[in-house]
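None of the figures in this text is laboratory data; all of them are computed from the coordinates on show. Quick caveat: nothing in here was measured; it's all calculated off a predicted structure. Here the Cβ positions follow ideal geometry from the backbone for every residue, glycine too, while neighbour counts run over all protein chains shown.
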């Protein structure tokens with residue numbers, strides 16, 4: 001595989017440029033394997049994606065003068081003389097903040113940048129021995145919604161009385177979960193590997209989107225509500241249990257909901273407005289949050305409210321940190337990771353408690 005040590009290496013690598021401009025499953029697999037084999041180079045890869053988002057013309061609102069200035073910044077911060085024959089990537093903190101914002105606003109980079117980033121993460125989902133099949137089960141027996149981060153980086157907010165299970169087979173996650181109750185999902189995009197949610201009454205199949213599934217065993221109907229993206233819904237009956245397309249399959253798009261009446265197996269489809277008659281819990285109703293020089297304390301408060309987590313940080317050190325970005329249907333870990341890139345911070349996660357550490361931001 002290619003030896004890539006610096007930002008300049010990536011920007012001159014034909015395969016990287018080809019993947020960025022026209023991603024396909026073969027190249028997706030190639031760069032995923034490369035990142036797994038070169039975890040220390042992930043920061044350089046992320047910065048190269050951010051740089052390409054600008055240089056590739058995905059931000060037409062930037063002026064030519066602005067682009068020339070940023071290209072100059074990129075060049076200035078390359079290594080000035082690689083030690084021991086290996087190039088090293090050096091970059092200013094202001095460039096890192098700029099690059100992070102470019103990645104967020106263009107929505108690029110998350111196809112391959114999975115939870116194993118250069119941030120330290122301590123999650124309750126420990127690694128599974130290669131030779132075992134292990135059923136992981138999480139139940140919300142508390143009074144408030146709780147966040148569960150899945151092995152592929154997807155996230156689900158479980159409401160009270162709900163439970164989720166999945167199998168880690170031979171150390172890998174097949175992107176299949178069993179839900180009892182209600183869960184709001186934000187799924188990592190992976191076109192080659194659909195994500196399935198199985199309930200007693202419905203099968204939901206997605207590629208990467210945000211949606212709510214409600215299916216309690218003692219309720220007369222089960223529902224799937226789509227906030228962003230598209231999902232297919234199949235009733236759990238007869239030959240449909242394989243999850244394959246059948247005559248009963250429904251395709252749902254944003255602001256659509258399907259309800260299955262348990263007694264009759266009738267599927268009722270309806271539209272809903274994002275502003276009126278919104279069936280989603282209030283904390284989950286916004287499909288996107290726009291931040292412009294928003295204090296990071298306000299951003300953290302919003303995440304705490306939305307996901308039912310606790311974020312600890314030094315308020316005095318981070319008082320000058322702001323975020324300019326759009327956060328939409330990225331899973332929780334992607335959101336917190338991107339924010340931390342933007343303010344040059346690290347985070348650790350233990351259960352539903354996130355600890356953010358950083359030296360703060362200059363009062364620009």
Along Cα→Cβ, 7 Å out, is where each label goes; now give me the distance between the ones at residue 294 and residue 251 in nm to one decimal. 3.2
Expressed in angstrom and rounded, the centroid-to-centroid distance over alpha carbons for segment 176-200 and segment 279-301 is 23
Expressed as a rounded percentage, what relative contact order does segment 288-358 have, with Cα pairs under 8 Å and six or more residues apart? 38
Give me the extension gain from residue 193 to residue 12: residue separation times 0.36 nm, minus the current Cα-Cα distance, reported in nm with one decimal. 62.1 nm
For segment 288-358, what is the convex hull volume of its Cα atoms per residue in Å³? 74
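Sorting check: for 259-268, 290-299, 182-191, which peptide has the highest mean count of neighbouring beta carbons within 10 Å, and how do the rest follow?
In descending order of packing, they fall as 182-191, 290-299, 259-268.
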Please say if segment 133-282 is rounded, prolate or oblate, where rounded means a/c under 1.5 for a ≥ b ≥ c the square roots of the C-alpha gyration tensor eigenvalues, and otherwise the choice is prolate for a/b larger than b/c and oblate otherwise? rounded
Relative contact order, percent, segment 133-282 [alpha-carbon distance under 8 Å, six or more residues apart]: 15
Taking 0.36 nm per residue of separation and subtracting the Cα-Cα distance, what length does fully extending residue 353 through residue 144 add? 73.8 nm
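Starting from 0.36 nm per residue, how many nanometres of slack lie between residue 178 and residue 310 once their C-alpha separation is accounted for?
Length gained between residue 178 and residue 310: 44.9 nm.
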Sorted by average packing, counted as other Cβ atoms within 10 angstrom per residue and highest first, what order do 29-38, 301-310 take? 301-310, 29-38
Peptide ranges 145-155, 278-288 listed from the most packed, as the mean C-beta count within 10 angstrom indicates: 145-155, 278-288
Just to verify a number: FRET efficiency for residue 3 and residue 32, C-beta to C-beta distance, R0 = 22 Å, to 0.05? 0.80
